[in-house]
Each structure stands twice: as structure tokens, then as C-alpha cells.
Amino acid sequence: MRPRLSLFSASVLTVVLAYLFIQVVIPYASMWIADRPSPVTVPAALTVIYMLLVFIGLYIYITISEENVREFLQPILEFLRGGETGVRAGLRLGLLALVPLLVGWITYDRLAPKVQSLTGIRIQHPTIPGQYEKLINPYRNPTDDLVKQFQQQEGLDGIGLEEARKRLVGTALAEGRALYQKNCRVCHGSKADGSGPMAVGFRLRPANFRDPGTIATVVEAYAFWRISEGGRGLPNESSPWDSAMPRWKEELTEAEIWKIILAEYELADVEPRKPEKLE
């Protein structure tokens, strides 16, 4: 007959397994369900909430009877009382010595003065790389060739070019809205105000596109660069940027990104900045 785990050991094992489930199983399961190329990290705020629920459940179970309380406390009291000899006595002494040393080290590390490098001058919008600078959203003002291609695909040869152009923009906008809600809403919010359900899990909240100081101040090529390259594509100057933006070019096509940009400006009720023309 197998020896039964003590209530204390079972509680510790439950906490460890719950943490591993949150940090390993959920990210990889989300990656498989959402068909993404990398695990979907659980935000720190959700991890804290889930672990609190685990601790509350264990507390309720342990304190539901005096017998459970005694069983849970028994190994703790035996450890504190001592009485072991040999290796177990050495382990006990080492662990008891480690606790104050660890507390002291954490306290010292937080309070001791540190030599820090000078803070770099932060800039709101880093310089756009040259390969993105001259890009134009093909769905903002579609070219005649793109409109004719759309007419052929949709069987709209019987309508005029301008009417087909309006339909193309409307179709691209509708697809962009759907793509935005699927990929961007969880962080930037359904109204593009930076209040998505996962926004509270980030140290730096996602951008509020309704703020006139965000996407309204940049050209669409700049938005395309930021979405395509994500936080990893930001330059080293004035880092760290604290950006959790994924590199969407690994999951979305260029056409899909342009459609999302079209929808973002429409949802935020702002217009993109127009590129300056040198005379």
C-alpha cells in the first residue's frame, strides 16, 4: 500500500502544479487553440489572481476541520521543534539560517545605493526605418489597377470604377475591423482606447489610439512599421521601450496589416498624418 501524502506536502504540490499549469500549460494550449507560432504568455495580473484562488481554496479546505489543521501543521511544528540527528539536523539548521540571510540580502539589495547610468533622452516616436518610410496604405485611396483587380475578383464589371473603389474601401474596412477585434482588441480595446481585457496585465498600458498624441501624429507607414516589427523591432536608442507589441508580420500578411490600420483610424475617429511634400 502506497504511503499517503501528508496534507502539508499535498498543499505544496498543489501550489507548484497550479503555477506550472498557468505558466506552461495555458500558454502552449492557447498557442495551439489560437494557431499562433509562439506561446501566449499569461499576464502577471492574471497569474496573481489565479494563484490567489488556489491559496483561498487550500485555506478553506485546510481550515474546514480541526483534524485538517492539525495534520497540516504537524510537519511544520516537528521541523521547528527539531530533535533530528545527522543529515536531517544539518538540513534543518541550514534552512533556518537561510531564511534570515535571504531576507537580509533582499533588504540590502533594495536599500543599498546603486550606481546607475544616466537616463537617456526619451523620444515618443523613434525614427522610422528607411524601408518603411515611403510605404502607402493601398486601401486608403486604391489605385485604378487595384480597383480593377477587385472588380475582376468580385465579378463587378458592370459597375463604374468609382463605385467599385468605394466598395473596395468598404470591404477592406470591414475586414480590418474583424482582424482588429480578433488580434488587437484584447490589448487596445474594442474602441481602440487602450482598455482591452488584458491591458491591466502590462506595466505600460497599451496605446490609446483615441488620444490625439498617438496614431493621429504619425503617417500610416509608421503605424505599419510598428505593427509589423512590434516591440522587438524598436531601435536601441532611448531603450528600454517597455513595449509588449508582438511582431505581427510573423502572423499577418501585409494586406491584413494595412486593413487593420484602416480600421484603427476609423475606430479611433482620427485621421492619419499626411506625408509632407518637399517643394
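No value in this document is a laboratory result; all are computed from the given coordinates. All of these numbers come straight from a predicted model, not from anything done at the bench. Backbone-built Cβ (ideal geometry, glycine too); neighbour counts: all protein chains shown.
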For the range 58-118, with +1 on Lys and Arg beta carbons and -1 on Asp and Glu, the positive-most of 63, 107, 75 along the dipole: 107
For residue 236 and residue 200, calculate 0.36 nm times their separation in residues minus their Cα-Cα distance, and state this gained length in nm to one decimal. 10.3 nm
If you average the sequence gap of Cα pairs under 8 Å that are 6 or more apart and divide by the length of the range 130-268, what percent do you get for the contact order? 28 percent
Could you tally the net charge around residue 59, taking each other residue with its Cβ under 15 Å from the Cβ of residue 59, Lys/Arg +1 and Asp/Glu -1? -2
Between helix 220-229 and the chain: long-axis angle, C-alpha atoms, 0 to 90°, nearest 10: 30 degrees
Under a straight-distance cross-link criterion of Cα-Cα below 21 Å, which lysines are reachable from residue 134, leaving out those fewer than 8 residues away in the same chain? 249, 259, 274, 277
Measuring from the longest principal axis of the C-alpha atoms of the chain, the long axis of helix 87-111 (C-alpha) lies at a number of degrees, nearest 10, equal to 40 degrees
Pairs of alpha-carbon atoms within less than 8 angstrom and 6+ residues apart define the contacts here; what relative contact order does the range 7-107 have, in percent? 24 percent
So I have (1) 18.3; (2) 14.1; (3) 26.0, and one of them is mean projected area of the Cα convex hull in nm² calculated from this model. Which one is it? (3)
Farthest towards the positive end of the dipole of the chain, among 258, 12, 147 and with Cβ unit charges of +1 on Lys and Arg and -1 on Asp and Glu, lies the Cα of 12
Nothing charged except the Cβ atoms of Lys and Arg (+1) and of Asp and Glu (-1): what's the magnitude of the dipole of the range 130-268 about its Cα centre? Round to the nearest 20 debye. 440 debye
How about residue 191: which aspartates and glutamates have a C-alpha closer than 13 Å to its C-alpha, ignoring those fewer than 8 places off in the same chain? 211, 264, 266, 269
Scattering from the C-alpha atoms of the range 142-279 alone, worked out with Debye: what is log10 I(q)/I(0) at q = 0.11, 0.15 1/Å? -0.47, -0.81
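Looking at the range 130-191, which trypsin sites (Lys or Arg not before Pro) are DSSP coil and have at most 12 other C-beta atoms within 10 Å of their C-beta?
Answer by residue number: 134.
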For helix 66-81, what angle does its Cα long axis make with the longest principal axis of the chain, in degrees from 0 to 90 and rounded to 10? 70 degrees
³J(HN,Hα) computed for each position of the range 15-32 - Karplus, 6.51 cos²θ - 1.76 cosθ + 1.60, integer Hz, glycine/proline x: 5, 5, 5, 5, 5, 5, 4, 5, 8, 10, 5, 4, x, 6, 5, 5, 4, 6
If you rank 265, 28, 132 by fewest surrounding Cβ atoms within 10 Å, what's the result? 28, 132, 265
Amide H partners (placed H, <5 Å) of residue 219, local residues excluded: 273
Normalised contact order of the chain, rounded percent, pairs of Cα under 8 Å and 6 or more residues apart: 16 percent
The chain - charge dipole about Cα centre, Lys and Arg +1 at Cβ, Asp and Glu -1, debye rounded to 20: 920 debye
